[in-house]
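The values are calculated or read from the model by the stated rules, or taken from the named source; none is laboratory data. Note that the coordinates shown come from a computational prediction; the quantities given were computed from them, not determined experimentally. All Cβ positions, glycine included, derive from the backbone under ideal geometry; neighbour counts span all protein chains shown.
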């Protein structure tokens with residue numbers, strides 16, 4: 001039996017592929033946004049987009065569809081082809097929350113609706129659900 005330190009190397013290489021993949025996803029997201037919009041990794045495989053000054057809700061829908069369409073093209077990492085699908089949850093200020101906590105909660109809920117709908121789609125928070133929630137208390 002022979003022991004090597006390849007396990008550390010393989011773990012490192014796998015981590016580098018994940019980091020490269022996350023960076024590539026963030027770059028593709030950024031390429032679909034306007035100057036002044038923000039992309040941030042929120043955790044795991046989730047990203048948060050902040051799109052200030054949207055004049056109408058349909059603009060957020062247009063951007064969401066543009067993002068989904070742009071991710072139809074695969075990523076190439078090393079010798080692997082990687083297809084990434086999007087589940088996008090949309091929450092609009094102030095209709096869906098006046099504090100970041102309420103907006104995040106509603107966007108998260110809409111994102112899970114998109115996941116349950118089969119992924120690679122977007123959902124807006126259901127207005128009746130957002131309105132029926134208890135009032136937000138901002139810190």
Legend entry - Of the criteria (1) surrounded by 13 or more Cβ atoms within 10 Å (Cβ to Cβ); (2) at pLDDT 90 or above; (3) over 30 Å from residue 17 (Cβ atoms), which one residue 136 fails: (2)
Legend entry - Only listed residue being assigned to a helix (DSSP H, G or I) and at pLDDT 90 or above, chosen from 129, 115: 115
Inset, instruction - Would you confirm whether any residue within region 83-98 is more than 20 Å from residue 42 (Cβ to Cβ), at pLDDT below 95 and in contact with a strand residue (DSSP E or B) (Cβ under 9 Å, 6 or more places away or on another chain)? - result: yes
Legend entry - Members of region 49-79 found to be assigned to a strand (DSSP E or B), in contact with a helix residue (DSSP H, G or I) (Cβ under 8 Å, 6 or more places away or on another chain) and free of Cβ contacts under 8 Å to residues at least 40 places away in the same chain, listed by number: 49
Inset, instruction - May I ask you to list the residues in region 48-68 that are within 14 Å of residue 123 (Cα to Cα) and touching a strand residue (DSSP E or B) at 6+ places or on another chain (Cβ under 9 Å)? - result: 57, 60, 61, 63, 64, 65, 67, 68
Inset, instruction - Residue by residue through region 27-47, note down the ones that are loosely packed, with under 15 Cβ neighbours inside 10 Å, touching a strand residue (DSSP E or B) at 6+ places or on another chain (Cβ under 9 Å) and touching a residue at least 12 places away in the same chain (Cβ under 8 Å). - result: 38, 41
Inset, instruction - Please tell me if residue 17 is more than 22 Å from residue 114 (Cβ to Cβ) and either surrounded by 14 or more Cβ atoms within 10 Å (Cβ to Cβ) or in contact (Cβ under 8 Å) with a residue 60 or more places away in the chain (or both). - result: yes
